[in-house]
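All remarks here apply to the structure that follows.
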Amino acid sequence: MRIEIDRPWDMHLHLRDGAMLNLAAPHSARHFDGAVVMPNLVPPVADADALRAYRSRVLRAAGTDAENFTPLMTLFLKNQTRAELEAARKTPGFFAVKLYPAGATTNSDGGVRDFGAAEPTLRAMEELGIPLLVHGESGGFVLDREAEFLPVYRALARRFPKLKICMEHISTAAALPLLDEFENLFATATLHHLLFTLDDLAGGLLAPHLFCKPIVKRPEDRAALRAAVFSGHPKIMFGSDSAPHPVEKKECAGAAGGVYDAPVLLPALAALFAENDALDKLEGFLGGNARRIYGLPAPRGKIALEDAPQDVPAFFEGENGLRVAPLFAGTRLPWRVADGNFS
Ligand code: NCD
Ligand code: ZN
């Protein structure tokens, strides 16, 4: 079988910096029309100058594919003033502000501790029409961190009714009803939360490459996310949360959270949607919803996917001995992008 879809969007992507950026950016830029690039560098991307400079590095790293790839840049929420937000808004490629609760995930120590103190920034964003993207986890028991955060989403959605708020990488059944409850709440979903549960991560031998924040959850959570996505839920957008770490930071005591799946996203999603008779919903999930919700530009053409096998390497190599293991490393995928390249 072969299908053609509009060139897709990845609405939640970690590209990093330096050698890792050079390795990762081409994997997304080759087949995606654009991506929303996360700001959790060290130090975080928190002002207009840092955002402008990071965007240039991303475009340079994307190489020849940069022509057809739009990186939309985000600011790390640090209680910016209205003037700072206005400066960011004038910067080409600026898209949104990302809220990290302090300490919730990789490089988030400088995140929000006091929601009251963030209020003026959030109010200014609402007035300026700047979307808010939220890493929605509290500090509690790992399986319940997202569920515990849901009251915060409710409070934000009520308090800032004109602010577009995106629940980034939802992972529980409990998050879904909020999309019906609040017009201004949206969500991104990842490939790995549609594919895996805690049993895949830790039920047998520990699989550190499946360890991520939010952690993969219970079978009933995965089933609810699948049902929503495969039925074409109009408020759920694909955001991979592809988050590369060097192999030695994943295969060690104290492994970093993050699944690196940018190279295999399109074949793996096509296989998953095909198995679930939902191929007709793939295009909306992979960009149609995001284009409608955020008014993103029309697609630069189509991309073809086919059910022909493709072997995934054990790792990708970058500069200075960098090695990164992708999702499905060393296995054969049943689908591929028709040009034969990894995505
Ligand atoms: C991300 C990272 O490594 O930057 N890690 C992850 O487990 N998803 C951060 C994030 O999105 O939480
Ligand atoms: Zn992320």
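For segment 158-167, taking the residues that are in contact with a Pro (Cβ under 9 Å, 6 or more places away or on another chain) and closer than 13 Å to His135 by Cβ, the one that is surrounded by the fewest Cβ atoms within 10 Å (Cβ to Cβ) is identified as Ile165.
The rows are residues; the columns are (1) over 20 Å from the mean Cα position of the chain (by Cα); (2) small (Gly, Ala, Ser).
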| site | (1), (2) |
| --- | --- |
| Gly111 | no, yes |
| Ala117 | yes, yes |
| Phe141 | yes, no |
| Arg145 | no, no |
| Pro151 | yes, no |
| Ala155 | yes, yes |
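Exactly one residue out of Ala104, Ala88, Ala96, Ala66 is crowded, with 20+ Cβ neighbours inside 10 Å, touching a residue at least 12 places away in the same chain (Cβ under 8 Å) and more than 16 Å from ligand 1 (Cβ to nearest atom): that is Ala88. Residue check: Asp109 meets all listed conditions (1) more than 30 Å from Glu220 (Cα to Cα); (2) touching a residue at least 12 places away in the same chain (Cβ under 8 Å); (3) in a loop (DSSP other than H, G, I, E, B) but one, namely (2).
Taken together, Lys249, Lys281 contain a single residue that is part of a helix (DSSP H, G or I) and within 16 Å of ligand 2 (Cβ to nearest atom), which is Lys249. All conditions but one from (1) away from ligand 1 (no atom under 15 Å from the Cβ); (2) closer than 20 Å to Leu265 by Cα apply to Arg218; the one that does not is (2). Is it the case, given these coordinates, that Asn289 is of a type outside the set (Asp, Glu), outside any loop (DSSP other than H, G, I, E, B) and more than 21 Å from the chain's Cα centre (by Cα)? In short, no. Inside segment 160-213, residues that are more than 16 Å from ligand 1 (Cβ to nearest atom), free of Cβ contacts under 8 Å to residues at least 40 places away in the same chain, within 19 Å of the chain's Cα centre (by Cα) and part of a helix (DSSP H, G or I) make up a count of 0.
Any read-out appearing in this document is the output of simple, stated calculations on the displayed coordinates, not a laboratory observation. All values derive from a computational prediction rather than experimental measurement. Every residue, glycine as well, gets a Cβ built from its backbone with ideal geometry; the counts of neighbours run over all protein chains shown.
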